[in-house]
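A quick write-up on the structure given underneath.
The values are calculated or read from the model by the stated rules, or taken from the named source; none is laboratory data. Just so you know, these numbers come straight off a predicted model, no measurement behind them. When we count neighbours, we look across all protein chains shown, and the Cβ atoms used for this are built from the backbone with ideal geometry, even at glycine.
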Amino acid sequence: MEKQQQEQEIIKEQVHNEKQENIKDTEEDTNDVKNESKEDSIDELKAKLEDKIKELEELNNRYLRLQADFLNYKKRVEKEKELIYAYASEELICQVLPVIDNFERALDSVDDNHKEDSFYKGVEMVYKQLMDILKKSGLEEINAIGEKFDPNLHHGVAQEESSEHEEDTIIEVYQKGYKLKDKVIRPSMVKISK
């Protein structure tokens, strides 16, 4: 019996050893598969990482473009706002220009001997106050007499032969022209020499 037990023990040990070897072989095979799988996974992960990096770069570029567009938008809105404030009074000033013309006609129509009257001086003072206020708002008269005709500033309504003036020189102003800041709001109506 002892021999049988020993044989059984030996058989058990051999079976155990074979199992251990099978386990080792299986583990090695599994490790080989895992290593191959890991290499495949690493390649896949690298590809995914590259895709994500490209996607991130695209998103970053889009972000930078959007940021630049927004800054340009803010600048444009600010500039438009400044222009609106700068020219907000344009319509009102254009409506006041005929009143200025009438003031000037009234002041020019007074005889020299009445220019010392208090009424004349009062009207002249009101005219000067009005012009000062308008000048502070950016209104300026367009100089015309003796200047070369400029279609951007002047509106030619008559021509006259003149040996005293060069050709296209303004010799008479029928109606004064005005600019509001840099914008012509009314061109001067002028007579030009031929």
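Checking every residue in segment 130-137 against the condition of being modelled with pLDDT of 90 or more, basic (Lys, Arg) and under 35 Å from the mean Cα position of the chain (by Cα) gives at least one match.
Only one of the numbered conditions (1) within 18 Å of Gln175 (Cα to Cα); (2) of a type outside the set (Asp, Glu); (3) surrounded by fewer than 14 Cβ atoms within 10 Å (Cβ to Cβ) is not met by Val96, and that is (3). Within segment 99-107, the presence of a residue that is farther than 26 Å from Lys179 by Cα and either exposed (fewer than 10 other Cβ atoms within 10 Å of the Cβ) or assigned by TED's automatic domain parsing to the domain that holds Val184 (or both) is excluded. Identification of strands (runs of 3 or more DSSP E) wholly contained in segment 146-194 with 1 or more residues that are touching a Lys or Arg at 6+ places or on another chain (Cβ under 9 Å), over 27 Å from Leu134 (Cα atoms) and outside the structural domain of Asp108 (by TED's automatic domain parsing) yields 154-160.
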